[in-house]
Structure formats: C-alpha cells, structure tokens
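Chemist: The structure's right below; bear with me while I get my questions together.
None of the figures in this text is laboratory data; all of them are computed from the coordinates on show. Note that the structure is a prediction, hence the values are computed from the model and not measured. We place every Cβ from the backbone using ideal geometry, glycine too, and count neighbours over all the protein chains shown.
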Amino acid sequence: MTTLDTRPSAPETPPEPPRTRLVDAVLDSLERGISRLERWLIGDQHGLYGASFARILSGGAVLGILVTNFRQRDLLFGPGSIWNGVLQEQSQYLPPHLVAGMGSGLFLVFYLAVVACAIGWMLGWHTKLVGPLMLVGNVAIIERIPVLGDQGDNILRIGLFLLMFMNVSEVWSLDARRRARTEAVPVVRHGGAGDNVRAVVGNLYRSQAVVPRWLANPLHNLAFAALAFQLVLIYFSAGLFKAQGGLWQHGTAVYYPLQLQEYKPFPFLTDLLTYSGVVVNIATYLTVFAQLIFPVALLFHLLTRSYGIPGTAFVFRSVYVVIVGFHLSIAVVMALPWFALEMIAFDAIFVSSATYLAAQRWLATRGEGLRDLWYDVTDPLVIRWHRFRGAPTE
Amino acid sequence: MSTAPTPQHTRHTTDVPGAGRRSVVWLLTAVVVVHSLLVMLWVMPDNPTRQAVGPQRLASYINPYFEQSWSVFAPVPRRGGENVVVRAFVGDPDKPDEGKVSPWFDITRDEDQRIAYLVNPSRIHSATRRLGGNINTTMAKFSPQQKLLVRGNYVQDSPSELVKRLEATNRLGVVGDANIEQFAENQQMLTTFLTMYTRARWGKDVTMVQYRVGHRTVPNFDLRKQQKFTDVPFTYYVFGWRRTIAVPQDAQQAFDGYVRKAPRSQLRPADDAELPQGDQ
C-alpha cells in the first residue's frame, strides 16, 4: 500500500540573480589568476638562458670599463681623483669609502681584484661569491668619480644588483660544469649545526643549491620581473621625454649630439649618416617610436603567447631588433660601447630560452671545430687542476 | 645525465608549498611591486602622483643606490660644446714681475685629439668638458654684477671670499644660493684639476692658474652643409687668476704620468697687464 506523502515538498532553490553569478565568476577568475601567478613564481625558474647570457655580457661591460680606464685609474678613481673631492665627500655610497684611503699600489691590487671578479663572473666561476664582490668593487671604483658618471653606471649597478638574486649560472658557466660533476652534500634536518654549516659551505663551493626551491624560485623570478620592469621603464620614460621635445618632433634631434666631439669618433661615418635629412628623420622617429612602443609590444607578446595565438611574435621581435640595433649603432657611432653593452646585456633576458637553445644548436652544428679546440685546450687544464686538488677525475 | 633546462622544464621544478611559505613569497612580491612603483614614479616626467608622494620622500628611497634619469638627450638634445683653456704662472705670486707665464693651452682640444678614432675612450678625456659645462650652466644664471666678480683675481684671498661676494649680490633667493653653491663646487674642482694639470705640464713651481671656459652651439640642422660645428668659434667666460691648491704628492704623480710636458721655452716673462696686481 502506498501512502500519499502529504508533507509539503521542499521549496525549489530560486535561481541565482545575475549579479551573484557575476561576482562568483569574478572571484573564480581572481582565484585562478592568483594560483596561476603562484605557480609562475614558485613552480620553476624562468628565463635561465637569458639570465646566463646577461651575466656574460654584463661581466663584459664591467671588464670593458675597468680595462678602458686602467691606465688613468689613479687620475679617475685613485689618489689623483682628489680634484673631484668635493663630490666624493658628498657621496652617499658606502662602497666608495673602501678605496678612499688607498695609495696607488694598494689601489692597483684592489682594481685588479675587481677585474678578476669580472672575469670570474663572465665565466660563471663561483658566481654567488664573485658576483657580489664584483658589484661592490665596481661601485667602489666607479662612484669615486661622480662628476664623470653617467646613466650607464646607474643601469649597470641596478641591473647587477638584481642579477645577484637570480640564477645566472645555470648554463654556459663553469659553475654548471662543476655542478654536473659533483653531488650535493645533504643537509640533515636534525643534524649538528657544525655538520650543516659544513654542508652548506660545501654545496656553495660545488655550486649546488643551498636555498630551498620554494624560496629560490620566487627570488629568481621576482628579480627577473623587476629587471624586466626596470628596462621597460627606461625605454618608456626615455620615449616620453623625447616626445616632449620640439627637435624630436621635428625629426632632426639625433643630428645635434652626433656633432659633438665626444660623440664623433669617426667624423666621416657621422657625416655620411647625417648627410641625408631623410636618414636623420627616420633615425630620430624610429628611436622615439621603438622606445615608446617597447612596453606595449612586450605586453602584446606575453598575452598572445599566453593564449597560444600564433604568428604574432614578429611584432616584439621587430621592436627588439630595432632597440638592439640602436644600442649597437651608438656603441660605434657615438663611442659609447660599454653603455650599449650594458643595455644589450640586460635586454638579453627578453629573449626566450627556446631562441637561445635554437641559437646554441645552430652554433653547435657550425662550430664543432671551434668547440673541439676549446675542449682540447681546457680539458687538460681542468684535469690537471683536479689532480692538483687531489679530486678524482674521469 | 644532462641538467640543461629546456624551455618547458628546468631542474628547479617544484610544487606550490603551504600557506605559511606562500605568505613569505607574497611578502617578497609586495616588496618588489612597491619598489617598482617607486622607481616608476621617479623616472617618469613630473606628474601629480609624484607630487602626492613627495619628491623628497621619493628621493630618500631612490638615492643613491637606485638613482637614475632617462631624460638623456631629451626633451632638448645636447647641442653645446665646451672647452677649458688655461695658462699658468710660474714663480712667487707675491713678486709677479719676477715670474713667468705660459701660453694659453686648450686642454679640451688636446683631449679631443687623443680620442679621435677611439671607440672606447677613457673617462678622463671628458673631465674638462664636463667641468666646463657645469661652470657654464651656473654662469648663465649669474647677474652681470656677479659675472664681473668672477672675472676678478683671487690669489691673496681664498675662493671662499668670491663665494661670499656672490652671495652678497644674490637677488634670486634660494635658487640663486643653490646656483652659487654649485658654482663654488665646480670652481673648486676645476682649480684643483688645473693645479695638477699645469704643474704636470709646466713644472712644479706653478703657483697661479687662470682659465677661460668656452661654449659653442651646433648650427641648425638646415645649415649642416654650410657650417661645420668645429668651425663655430667659442664664446668665453674669462676668470681671474686663482692661487693653486695644495695637493698630495701621489695625486700629482698621477697627473705627471698623464699630461704631456711642455718645453720650458714656452714660458716667458709676463706683461704687467696680464698679471694680478693685487686681488680685484
């Protein structure tokens, strides 16, 4: 027998108002965005090839500046730099006081030590140690002469500072070679403090990781993002300042600095380039346009890549090529090679790992002879060094 | 096994950790975001947000380690060239009639010759150009009376006496004071530089220097085929004689190794009109 259920049926859930659905959608989207950002920040290290290339080129810039000024080091940074004493006294940097009391001989030793650090940084030799030493040493030297400072010093200091937080020795470095040959010393959670300190020092020496991945990855990625944003700011603000100027609007601005003696090392070349008004006009407009468009092109590139839209990479690549070409041209035409190299060095982080790998493969297939020569020269030295240290060799 | 990273994965791949560690990451992220925003306010052209934050407050964060300015060659591109021309007095400044005077020497032109066809010049070659440019900038803001004061000799009196007189004639308030301070700093630097330079060139007995700081402008673009910049004559600010500044021996040695020595025959007895007959 069936009984009729006379209880009142549960009321049907009323449909959600459109406003609630919208709020949920926004919150879901926000949650997805946050977890995506967390995965990007913590999940892996990005742009490792670019960071390594930036290390090599920035080391080259430090080395270039120091070698270029080596013969005049005492006049510029050492005891002879007292003509610039008024500004030295006002300097707010801590490092310059490192060399303030050094005589000529001691300063030479200091200078050569920083040169050695720059070479070590370029080669990726114990980068966690030589990097900070090079940065402090370079600032200590360069900031002894504020009156002759330029924006190249500023971007070099800021860029190197950010590189210190990044993993710059993952590839193309002696650290990477050492890391591949050695194994990490385990740090025991409940082990003695002395053992663990020894393990950390040992791992540092072997170029093995000492910071846990959950922290090392965001440090690298945040510094990477900060450097990228810094470069975007440079180009965009430089473009904005230029766009305000009448001579930039007129399309003839690049002509004027090119006439100054200090920016005219090859007069015939400059005269050739500035002979045609159309060429000057194009160069002026292209400079402003590339600087202003750089952040937009980068954002467009990141978005289209993120959503998998093919065939759009050429936009950013075109702007990038113009920017790098601009730096290369001022290196030669305006005799500003180290400023140009600094900018190209840090811009290297904008090139994807896939591109670097493709370039590496291309070079590997075309440079086997050169590679064999390199290993023929370096392998005996490396083996001899390991024998000297009593370490096992393969 | 190769540990080289691929575009997709590296050996650093890890899972997102728990809330405690994530909060550390978010704190680091906040630091980077705030830093980047402050840098953005600093480098952009002047704007209301920057004023709201306060330029002084911003400067206290940025200076010195994040100091930067990207208004390079903008809005107005550099089109001025400077030079520094110097001559020296060798002998006792109290007996000017018995001393000798060198010819005028254009240091900047000499440096220009050194950097021709050089793609990586040393910074020292820009020293007089930079100091001269700084001096010219301050001189342009001086009143005619102040410009006259600068032409005077300051041999018995120290350069600080000149600064006092400039301050006494300042009619521009705080702006004028800042300009005088900048002038004084650059005058001190230039006089010290020229002390060591002239001693290296004309001998250790140089006791006074006199200099001129020139300026010329790149002709308009439309005239580029008629007039070369290097043919444009300099317009000079002339400064009176200044007593040389005492410098340590090792500093002088650095200049001795750099500056080309002039033959002693360059020195000649001074005309009365050229020399300071007491400070003016």
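Chemist: Apply the a/c threshold of 1.5 to the C-alpha gyration tensor of the protein assembly as shown and tell me whether it is rounded, prolate or oblate.
Modeler: The shape class here is prolate.
Chemist: Going by C-beta contacts inside 10 Å, put A:E342, B:E67 in order with the fewest on the left.
Modeler: Least to most surrounded, the residues fall as B:E67, A:E342.
Chemist: Ordered by residue, what ³J(HN,Hα) values in Hz, to whole numbers, does region B:149-156 give under the Karplus form 6.51 cos²θ - 1.76 cosθ + 1.60, where θ = phi - 60° and Gly and Pro are x?
Modeler: So the Karplus estimates, Gly and Pro as x, are 4, 5, 6, x, 8, 10, 10, 6 Hz.
Chemist: Another question about this same structure. With r defined as the distance between the Cβ atoms of A:I119 and A:L381 and R0 fixed at 22 Å, what FRET efficiency is calculated, to the nearest 0.05?
Modeler: Computed FRET efficiency for A:I119 and A:L381: 0.90.
Chemist: Between B:P45, A:Q92, A:I282, whose Cα lies farthest towards the positive end of the dipole of the protein assembly as shown when Lys and Arg beta carbons carry +1 and Asp and Glu beta carbons carry -1, centred on the Cα centre?
Modeler: A:I282
Chemist: Let me ask something else. Grab the DSSP H runs of chain B that are 4 residues or longer, score each as -39,500 (n - 2.57), total them, divide by all residues and round the 222 nm result to the nearest 500 deg cm²/dmol.
Modeler: -13000 deg cm²/dmol
Chemist: Hey, another quick one. When you take every Cα atom in region B:144-280, what is the radius of gyration, and what is Dmax, the widest Cα pair distance, in Å?
Modeler: Spelled out, the Cα radius of gyration and Dmax of region B:144-280 are 18.0, 51 Å.
Chemist: Does anything in region A:140-170 have its amide N under 13 Å from the 7 Å Cα→Cβ label point of B:L118, and if so which residues?
Modeler: From region A:140-170, the list is empty.
Chemist: If the only charges are +1 at each Lys and Arg Cβ and -1 at each Asp and Glu Cβ, what is the size of the charge dipole of chain A around the Cα centre, to the nearest 20 debye?
Modeler: In total the dipole reaches around 700 debye.
Chemist: For region A:13-149, give the magnitude of the charge dipole about the Cα centre (Cβ charges: +1 Lys/Arg, -1 Asp/Glu; no others), in debye to the nearest 20.
Modeler: 280 debye
Chemist: Out of the DSSP beta bridges found with both residues in chain B, what percent are antiparallel (nearest 5)?
Modeler: 95 percent
Chemist: Output the pairs from A:K264/B:K228; A:K264/B:K261; B:K141/B:K228 with a Cα-Cα distance over 20 Å in this structure; if there are none, say none.
Modeler: A:K264/B:K261; B:K141/B:K228
Chemist: Counting other beta carbons within 10 Å of each residue's own, what order do A:L162, A:L215 fall into, fewest first?
Modeler: The most exposed by this proxy come first: A:L215, A:L162.
Chemist: Just tell me, in residue order, which DSSP H segments of chain B are both 30 angstrom or longer along the helix axis (alpha-carbon based) and at least -0.5 in mean Kyte-Doolittle hydropathy.
Modeler: Length and hydropathy pass: B:19-43, B:173-202.
Chemist: Given H placed 1.01 Å from N in the peptide plane, which residues other than close sequence neighbours of B:L172 have an amide H under 5 Å from its amide H?
Modeler: For B:L172, no residues qualify.
Chemist: Quote the charge dipole size of the protein assembly as shown about the Cα centre in Debye, to the nearest 20; the model charges only the Cβ of Lys and Arg (+1) and of Asp and Glu (-1).
Modeler: Around 860 debye, computed over the protein assembly as shown.
Chemist: Something else: Where does helix A:127-142 land angle-wise versus the long Cα axis of chain A, in degrees 0 to 90, nearest 10?
Modeler: For helix A:127-142, the angle is close to 50 degrees.
Chemist: Return the single residue from A:R317, A:R144, A:R181 with maximal mean-square fluctuation; model: Gaussian network over chain A, springs between Cα atoms under 10 Å.
Modeler: A:R181
Chemist: A further question follows. How large is ³J(HN,Hα), in whole Hz, for each residue of region A:370-378 in order, when computed from phi with the Karplus curve 6.51 cos²θ - 1.76 cosθ + 1.60 and θ = phi - 60°, using x for Gly and Pro?
Modeler: Each residue of region A:370-378 in turn: 5, 5, 4, 4, 4, 5, 4, 7, 8 Hz.
Chemist: Please compute the average number of Cβ atoms from other chains found within 10 Å of each residue's Cβ in peptide A:276-283.
Modeler: Mean number of neighbouring Cβ atoms from other chains: 1.
Chemist: Pick from B:Y237, B:Y65, B:Y197: which residue has the top mean-square fluctuation in a GNM of chain B where Cα pairs under 10 Å get a spring?
Modeler: Result: B:Y65 has the largest fluctuation of those listed.
Chemist: Continuing with this model, one more query. Sort A:W172, A:W40 by Cβ crowding within 10 Å, fewest neighbours at the top.
Modeler: A:W40, A:W172
Chemist: Choose one answer from B:D231, B:D97, B:D205: the residue with the largest mean-square fluctuation in a GNM of chain B with alpha-carbon springs under 10 Å.
Modeler: B:D231
Chemist: Now for a different question. Normalise the Debye intensity by I(0) for region A:219-302, one equal point scatterer per Cα, no solvent, then take log10 at q = 0.16, 0.23 Å⁻¹ and round to two decimals.
Modeler: -0.72, -1.04
Chemist: So, one more: Under 16 Å Cα to Cα from B:K164, which lysines show up? Leave out anything in the same chain fewer than 8 places away.
Modeler: Result set, ordered by chain and number: B:K147.
Chemist: Report, as an integer, the average count of C-beta atoms from other chains found within 10 Å of each Cβ along A:85-92.
Modeler: 3
Chemist: Thinking of region A:329-374 as a set of Cα atoms, what percent of all their pairs are more than 16 Å apart?
Modeler: The answer is 59 percent, as a whole percent.
Chemist: Along its principal axes, what span do the Cα atoms of chain A show, with the longest given first and each in whole Å?
Modeler: 112, 68, 52
Chemist: Count, for each residue of B:215-221, the Cβ atoms from other chains sitting within 10 Å of its Cβ, then give me the mean as a whole number.
Modeler: That works out to 4 on average.
Chemist: Could I ask something else about it? Let me check I have the definition right: for chain B, take the eigenvalues of the Cα gyration tensor, multiply each by 5, take square roots. What are those semi-axes in whole Å, largest first?
Modeler: One finds semi-axes of 49, 25, 21 Å for chain B.
Chemist: Can I ask one more? Which residues in region A:29-52 have a backbone N closer than 15 Å to a point placed 7 Å from the Cα of B:H9 along the Cα-to-Cβ line?
Modeler: Within reach of a label on B:H9, which here means backbone N under 15 Å from a point 7 Å along Cα→Cβ, region A:29-52 contributes A:43-45.
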